[in-house]
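Here the structure is laid out as structure tokens; the discussion comes afterwards.
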Amino acid sequence: MLWQTTLQAVTLRRTNMKYTTTLESIRQHRAPDWYHDCKLGIFITWGLFSVPGWAASREEPPRLILERGFDAYFRENPYAEWYLNTLKFEDGPTRAYHDRIFGAGLAYEDFQPIFEAESRKWNPAEWSDLFRKAGAGYVVLTAKHADGYLLWPSTVGNLKRPGYFSKRDLVGELAAAVRAQNIRMGIYYSGGMDWSLNPERIDAFHKIYSTIVQAPEHVAYANAHWRELIDRYRPSVMWGDIMYPAAANIPELFAYYYNSVPDGAINDRFGTEFSIPLRPGMNPPGVHYDFLTPEYSSFDDIQEEKWEACRGIGASFGYNRDDDETSYMSAAAVIRMFVDIVSKNGNLLLNVGPRADGSIHRLQQDCLLGLGAWLEINGEAIRGTRPWVRAATTTADGIGVRFTQKRDTLYAILLDRPKVPEVRISNVTAVPGSPVRLLGVEGNLEWSQNGGALAVRFPSNLPEQAAYAVRLTPITTRQTSARSST
């Protein structure tokens, strides 16, 4: 019987618990190999905000903040998923847009029946097929964003707004669809910020943290949601956002997750104490994490800690109907960014923002498909790799090069089309007589060692690509990094 099978599974988990409810215990957990290996995830930001699908700015957040400050950032937020907060600026552009399109009498929560009617058109198999073609190893869906609306039919009702959840199990259906494509399912949940429980307008940097809901009943509410998500969907990634209530027992929650999903991974946004981030795009560190999550940001060099760059194809995570060719990244730009991230021990969590009916903008699809087509040829230089002894160098004619490696193989990835037939890659020494190959091209390349540079002759019929991966086997012993474990 089903209930007996479930009971046996729960009993088995309890008798084989590896992690206890202490920081010392959960800090033994590390990012799993699958997470290191797959490199690419797809973020999906979808919810009631997808109905209006609009943001005042199309400037990426770091640039907008740098040029105009936090006042402009909150008032003209480029994140369409923050529509409810920007709507609270009575004289702001979002309020003007809302009143003109929907009328002043329509409240944000009135988008719920519209979203639920539209989302009935959604076909999760179309998403999973697109993400497979993009080469993704995992997806992360916003099960609850800061507006408090749930994308699954929870048994834990909203503390102030009954029925504030999708009647269709969007989380569960996506999980089934992506797993059918051998893609892992991850879940995003806004744990500290919930505007359905605390409607105070965020119009200053410190309010991101001062508005976090700290009431005891919210601690129980957020914990109950996470336990339900873990029990029901077994997410491979537990992706929290904007801190967590200070009174929560984080080690207990994480131990529950790790004992349920031993090869799961947790991000760094479960902090409970406010602190100023050390760099733009970073978050106050959580009490424990498997990976860092710079947002619309990156690192300059290889990081010892595993990390994941998260960003949209445009300046927003949620769908912004004003995005077009001028604001969406091209596949070529994403590929070059992706290679740079991987060379520095990072993953890329690239976001798509669907419309309310689940359809994805053609330009977002084109970007994903272009990335996937490149990975079909060059994925060997990305998946399963680790950083080398250095992340980057340049060719003699100024083209950027990024390095990745496997146990006995080095990949030098050129971030542009070579301008000359013979490409000189500085700071690389090949083993005499070893083959040098260009991925996607038959046969070995002619090469010679020119001091500290490797001179490689590229074919004249070079295919048009955003980046070119050169494979060297084997790597000289003195150039093999201790990071190589694949």
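The values are calculated or read from the model by the stated rules, or taken from the named source; none is laboratory data. In this text, all values refer to a predicted model and were calculated from it rather than measured experimentally. Note that we place each Cβ from the backbone using ideal geometry, even for glycine, and neighbour counts take in every protein chain shown.
A few points about this structure:
- The requirement of being surrounded by fewer than 20 Cβ atoms within 10 Å (Cβ to Cβ) and in a loop (DSSP other than H, G, I, E, B) is satisfied by Glu442.
- For region 298-307, the condition holds for at least one residue, the condition being that it is outside the structural domain of Thr404 (by TED's automatic domain parsing) and assigned to a strand (DSSP E or B).
- Scanning region 401-423 for residues that are among the acidic types (Asp, Glu) and either in a strand (DSSP E or B) or within 24 Å of the chain's Cα centre (by Cα) (or both) returns a single hit, Glu422.
- Any hit, region 261-273, residues being out of contact with any strand residue (DSSP E or B) (no Cβ under 6 Å at 6 or more places or on another chain), of a type in the set (A, V, I, L, M, F, W, C) and surrounded by fewer than 16 Cβ atoms within 10 Å (Cβ to Cβ): no
- Where Asp71 falls short, out of the listed (1) assigned to a helix (DSSP H, G or I); (2) in contact with a Pro (Cβ under 9 Å, 6 or more places away or on another chain): (2)
- Verdict on Thr21 being over 30 Å from Trp374 (Cβ atoms), of a type in the set (Ser, Thr, Tyr) and either free of Cβ contacts under 8 Å to residues at least 60 places away in the same chain or assigned to a helix (DSSP H, G or I) (or both): no
- Arg386 vs. criteria touching an Asp or Glu at 6+ places or on another chain (Cβ under 6 Å) and surrounded by 16 or more Cβ atoms within 10 Å (Cβ to Cβ): no
- Output for region 103-154, where each listed residue is under 24 Å from Arg179 (Cα atoms) and hydroxyl-bearing (Ser, Thr, Tyr): Ser119, Ser128, Tyr138, Thr142, Ser154
- Filter pass, Pro235 being assigned by TED's automatic domain parsing to the domain that holds Trp152 and closer than 19 Å to Thr142 by Cα: yes
- Residue selection: Leu130 fails the criterion of being in a helix (DSSP H, G or I), aliphatic (A, V, I, L, M), buried (at least 23 other Cβ atoms within 10 Å of the Cβ) and modelled with pLDDT of 95 or more.
- Flag for Gly264 being in the same structural domain as His36 (by TED's automatic domain parsing) and more than 13 Å from Pro32 (Cα to Cα): no
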